[in-house]
Structure formats: structure tokens, C-alpha cells
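The next block holds one structure in the form of C-alpha cells; read it before the comments.
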Amino acid sequence: MKPYIVQLEIDDRKSIVYCKDGAIYKGRCIGDCIVTNDDGEDEDGIRYQTNDGYEILLIDDDIESVKFID
């Protein structure tokens, strides 16, 4: 598994995030956070703001792939 949240956190370019559940988000990472996963355990995550202004929390297990936009 690639460390997608680290890539998104380090690279401040806009991106498209393709999630394993079929969701697609366009925007950029706006910071790190701690997210509780489905097993009730805390793990590193990111705060991602979409181009529409919505904020979501993501962990590596959520992400299928990432494409950075220049």
C-alpha cells in the first residue's frame, strides 16, 4: 500500500483522490489529523478540502489512488 496521506500532506498541489468506495474528491490537503478507523483504533489521517468547500477526513485505507494536478 502506498502512503497516500503522506503524499497528499507533503504536496500542496490540487489533487484528485479516488476512494475504494467509488467516491472521487477534487481539492487539496489542508492538514493532518487523527481518524478513528472501522476497528475503533486511532490512526494518522488528513483533512481534505474539496473544491466545493467541503471538508472530509481520509486515511490510507480509504484511498485507491491519487492524481496530482499541476
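How big is the shadow of the Cα convex hull of the chain, averaged over all directions, in nm²? Write down the numbers at each step before the final one.
Numbers: hull surface 17.7 nm².
Hull-based average projected area comes out at 4.4 nm².
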Candidates per trypsin sites (Lys or Arg not before Pro) in segment 17-70, loop by DSSP, up to 10 other Cβ within 10 Å: Lys20
Can you send over the carbon and sulfur percentage of the accessible area for segment 4-66, probe radius 1.4 Å, protein chains only? 41 percent
Heavy-atom surface of the chain, accessible at 1.4 Å and reported per residue (Å²): 67 Å²
Write out the GluC sites (Glu not before Pro) in the chain meeting two conditions: DSSP loop, and at most 10 other Cβ atoms within 10 Å of their Cβ. Glu41
Toy charge model, Lys and Arg Cβ at +1, Asp and Glu Cβ at -1: segment 4-66 dipole around Cα centroid in debye, rounded to 20, equals 580 debye
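The values are calculated or read from the model by the stated rules, or taken from the named source; none is laboratory data. Since the model is a prediction, treat every value here as computed from it, not as a measurement. FYI the Cβ positions are ideal-geometry reconstructions off the backbone, even for glycines, and counts take in every protein chain you see. What goes into the accessible areas is simple: the full protein's heavy atoms, side chains included, and nothing from ligands, DNA or RNA. Shrake-Rupley method; radii C 1.70, N 1.55, O 1.52, S 1.80 Å.
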